[in-house]
Amino acid sequence: MAHTPRALPAAATAVLDDISKRIIEQLQADGRRSYAAIGKAVGLSEAAVRQRVQRLQEAGVMQIVAVTDPLTLGFRRQAMITVKCDGDLEKVADHLAAMDEIDYVVITAGSFDLLVEVVCENDDHLLEILGRVRGVPAVTSTETFVYLKLRKQTYSWGTR
């Protein structure tokens with residue numbers, strides 16, 4: 001069976017001009033910054049900034065979200081689970097990504113096929129999630145790295 005390459009998502013092919021990049025950087029610094037303040041910083045009207053932000057979101061270039069501290073919301077356990085698989089990695093990744101407790105799934109090169117981050121209530125909940133992950137067809141093994149303390153998490157890597 002021939003493998004048909006998948007089209008790149010719009011975000012992967014988007015060409016950003018300097019103004020769009022500066023708008024993104026303004027929002028990375030403060031996602032609640034007003035369109036008027038951003039416009040002043042980048043030399044556009046409030047309406048023009050609003051339109052650009054909407055286009056960037058629709059193209060999948062960026063999203064504006066509230067980032068929370070899971071501990072303050074009752075999620076006492078976070079972990080990274082490495083996964084080894086046989087078969088279709090994308091199918092397994094999609095299956096895992098559909099689980100509510102999993103907030104991050106990447107297909108990797110190296111010793112593991114997938115990295116999966118989970119946020120859960122406690123160790124019993126983590127065990128239950130691990131059972132579900134291991135029960136996915138094609139998953140051959142997992143290794144779990146429990147987070148003890150978060151030292152850095154940033155989403156402000158800028159633009160190029």
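Readers should treat all values here as calculations from the given coordinates under stated rules, not as data from a laboratory. Just so we're clear, the structure is a prediction, and the values are computed from it rather than from any experiment. Ideal geometry is used to build each Cβ from the backbone, glycine not excepted, and the neighbour counts take in all protein chains shown.
Tell me the net charge near SER141. Cut-off is 13 Å between Cβ atoms, SER141 excluded, with +1 for each Lys or Arg and -1 for each Asp or Glu. It would help to have the intermediate numbers written out before the result.
Working: positive: LYS84, ARG134; negative: ASP86, ASP113, GLU143.
Once all neighbours under 13 Å are counted, the net charge is -1.
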**Report entry** Sum of -39500 (n - 2.57) over DSSP H runs of 4+, divided by residues of the chain (222 nm, nearest 500)
**Finding:** -10500 deg cm²/dmol
Requested in this report: Compute the long axis of helix 123-134 from its Cα atoms, compare it with the longest principal axis of the Cα atoms of the chain, and write down the angle in degrees, 0 to 90, nearest 10.
Outcome: 80
Query raised in the report: Taking Cα atoms, how many degrees apart are the long axis of helix 46-58 and the longest axis of the chain, rounded to 10 and kept between 0 and 90?
Result: 20
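Can you give me the relative contact order of the chain as a percent, contacts being Cα pairs under 8 Å and 6 or more apart?
With pairs under 8 Å counted, the relative contact order is 24 percent.
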Query raised in the report: In degrees, nearest 10, range 0 to 90: what is the angle between the Cα axis of helix 18-29 and the longest Cα principal axis of the chain?
Result: 60
**Report entry** Percentage relative contact order, segment 99-152, counting C-alpha pairs under 8 Å, at least six apart
**Finding:** 22
Report task. Among [x] 25, 18, 13; [y] 46, 18, 14; [z] 35, 22, 12, find the value of semi-axes √(5λ) of the Cα gyration tensor in Å that was calculated from the structure presented, and write down its label. Result -> [z]
Query raised in the report: Which net charge results when you count Lys and Arg as +1 and Asp and Glu as -1 among the other residues whose beta-carbon is under 14 Å from that of ALA47?
Result: +3
Query raised in the report: Across segment 101-117, in residue order, what do the Karplus-derived ³J(HN,Hα) couplings come to in whole Hz, using 6.51 cos²θ - 1.76 cosθ + 1.60 with θ = phi - 60° and x for Gly and Pro?
Result: 6, 8, 10, 7, 9, 9, 8, 10, 10, x, 5, 10, 8, 9, 10, 9, 9
Report summary line: Projecting the Cα atoms of GLN63, ILE81, VAL136 onto the charge dipole of segment 7-154, where Lys and Arg contribute +1 and Asp and Glu -1 at Cβ, the residue farthest towards the positive end is GLN63
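Starting from 0.36 nm per residue, how many nanometres of slack lie between ARG32 and MET80 once their C-alpha separation is accounted for? Spell out each step's value before the answer.
Values: separation 48, 0.36 × 48 = 17.28 nm, distance 2.97 nm.
In short, 14.3 nm is gained.
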Report task. Tell me which residues come under 5 Å, amide H to amide H, from LEU114 once H is placed; ignore anything under 5 positions away on its chain. Result -> VAL83, THR108
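Subtracting the Cα-Cα distance from 0.36 nm times the residue separation, let me have the gained length for GLN51 to VAL136 in nm, one decimal. Display every interim value, and only then the final one.
Numbers: separation 85, 0.36 × 85 = 30.60 nm, distance 4.22 nm.
Going from the current span to full extension adds 26.4 nm.
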